[in-house]
Amino acid sequence: MPVQIRKAAVIGSGVMGAQIAAVLANAGIQTLLFDLQPKELSEKESKLGLSLDNAAVKNRYALEAITKLKKMKPAPLGTSEQSKLIRACNLTDDFKKLAEVDWIIEAVVENMSVKQDLFERIEKVKKSSCIVSSNTSGLSIEKMVSTCSDGFKKNFLGIHFFNPPRYLKLVEFIPSNSTDTNIVSDMKTFTEKRLGKTVVLAKDSPNFIANRIGTYGLLLTVQEMGKSGLTVSDVDALTGKLIGRPKSATFRTLDVVGLDTFLHVAKTVYDHTEGKEQELFDPPSFMKKLVENGAIGQKAGKGFYQKVKKDGKSVI
Ligand code: NAI
C-alpha cells in the first residue's frame, strides 16, 4: 500500500524547519514542530516571573518560529486554519509524540554527530512504518544512520528542500543503498503531487548536486572578488536585480541561508577533496570572522547586511 502521510513532525525550527512545517500545513498535514528545550530563561521570561517548567518556556524556540512565520510578509501560511495545523513541541517532554507521526523530517544544525544522536533516539520511539528524512545540505546519508537498524534504514532517505521552501520547487532525494525503492517512489509522488515540488534524484556524494555547484560558484566568486577589488555591494549589484534576480544576489542569498550553515556546507566538500580543489572550499577568513562575531545572517539580524530601523520599520 502506498505511504499515507496524515501527520508529520519537523525537528529543528530554524530557517528551514519552520518553513518546511508551513509547506506541510498548507498541504493540510497536521505538523508537530520540535526544537530543543531552553536551559535558561530569557530576559523577558525572567521579568515575567516564569520558570523553566512553564510550557511556553519549554516550547520557546518552536513557538518563536511559529510567531515569526505568522509575521512574515507575504505570509508563508495560507489560511488561519492551515496555521492551526502546526503545533510547537520540545525534544524533551514531547519526544514520545514522534510515535504518532507518519513522516519525521530532521532539520537540525548541519552537524553529523548531532544528527546521528537524534536518529538513534528517534529509532526507539517511531512507529515501524514511519518515514524518516534528513534535510541535510550535503552530509553522507549512509553515515548518518550507520548505527541504526536495517528496518530504520529501509524507511530513511535524504529529502533536501531548498531555501526558501515556500517558493523553491526543487527537492533533492538522496536514497542510501538500504532505502526501500518503493518508499522513494511513494515519497516522490507525495512530494510532487501534494507539496507541489519537483524531485530530482541525487547520489549520496558530498553536498549532492545543487549545493556542490552552488558552494563552488560562490566561493569562486569570493576568490575573484578579492583579485578584482570588488566589494560585497558591487557583487550584489552585478548578480542581483540587474540580471533579473531581485532577491537572490550573491551575498543577500548567503544572509538568507545563514553564514554558519554555509561554513558547515563548505566544510563537507573540503573534507572530501585534496590539494588545489580543497583550497577553494576553505572559506575566506572574513566569512569566518563574521560567524565568530555572531553575524550569521538574517536569522540574527546581521550578516553581510544589518537590520536597521527605517521610518519605524525594520529593514535589512
Ligand atoms: P538553523 O541554524 O536555522 O536551525 C537549526 C535548528 O536546530 C535551531 O532551531 C536549533 O535550535 C536546532 N538545534 C540545534 N542543535 C540541536 C540539537 N542538538 N538537537 C536538536 N535541535 C538542535 O539551521 P537551518 O538553516 O534551518 O538548517 C537546518 C538543516 O537544513 C541543516 O542540515 C542545513 O544544512 C539544511 N539546509 C539549510 C538550508 C539553508 O538555506 N539554511 C537550505 C537547505 C538545507
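Where a number appears in this text, it was derived from the coordinates with a stated rule and is not lab data. Quantities reported herein were computed from a predicted structural model and do not represent experimental measurements. When we count neighbours, we look across all protein chains shown, and the Cβ atoms used for this are built from the backbone with ideal geometry, even at glycine.
Listing for the model above:
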{"quantity": "Cα-centred dipole magnitude for the chain, charges only on beta-carbon of K, R (+1) and D, E (-1), debye, nearest 20", "calculated": "1240"}
{"quantity": "Summed side-chain charge close to PRO175 - residues other than PRO175 whose Cβ falls under 13 Å, Lys, Arg +1, Asp, Glu -1", "calculated": "-1"}
{"quantity": "Residues TYR167, TYR305, TYR61 arranged by fewest to most Cβ contacts within 10 Å", "calculated": "TYR167, TYR305, TYR61"}
{"quantity": "Table column - 3J(HN,Hα) (Hz), the range 56-70, Karplus curve with 6.51, -1.76, 1.60, x for Gly and Pro", "calculated": "5, 6, 4, 9, 3, 4, 5, 5, 4, 5, 5, 4, 4, 4, 5"}
{"quantity": "Over the range 189-242, volume per residue of the alpha carbon convex hull, in Å³", "calculated": "108"}
{"quantity": "Debye, to nearest 20: dipole size of the range 98-209, +1 on Lys, Arg Cβ, -1 on Asp, Glu Cβ", "calculated": "280"}
{"quantity": "Cut-off under 5 Å, modelled amide H: who pairs with GLN30 long-range", "calculated": "ALA8"}
{"quantity": "Qualifying lysines (Cα of each under 28 Å from Cα of LYS47; at least 8 residues distant if same chain)", "calculated": "LYS39, LYS58, LYS68, LYS70, LYS71, LYS299, LYS302, LYS307, LYS309, LYS313"}
{"quantity": "Gaussian network model of the chain, Cα within-10 Å springs - most flexible of SER83, SER149, SER176", "calculated": "SER149"}
{"quantity": "Computed helical MRE - 222 nm, the chain, DSSP H runs ≥ 4 contributing -39500 (n - 2.57), nearest 500", "calculated": "-12000 deg cm²/dmol"}
{"quantity": "At 0.692 mPa s and 37 °C, Stokes diffusion of the range 211-315 via Kirkwood alpha-carbon radius, µm² per second", "calculated": "227"}
{"quantity": "GLU279/SER185 FRET efficiency (R0 45 Å; Cβ-Cβ; nearest 0.05)", "calculated": "0.65"}
{"quantity": "Value of D in µm² per second that Stokes-Einstein yields for the chain, Kirkwood Rh from Cα pairs, at 37 °C (0.692 mPa s)", "calculated": "159"}
{"quantity": "Charge dipole (the range 7-201, unit charges on Cβ, about Cα centre) - positive-most of THR67, ILE183, ALA107", "calculated": "THR67"}
{"quantity": "Cut-off 15 Å between beta-carbons: net charge of the residues surrounding ASP186, Lys and Arg +1, Asp and Glu -1", "calculated": "+3"}
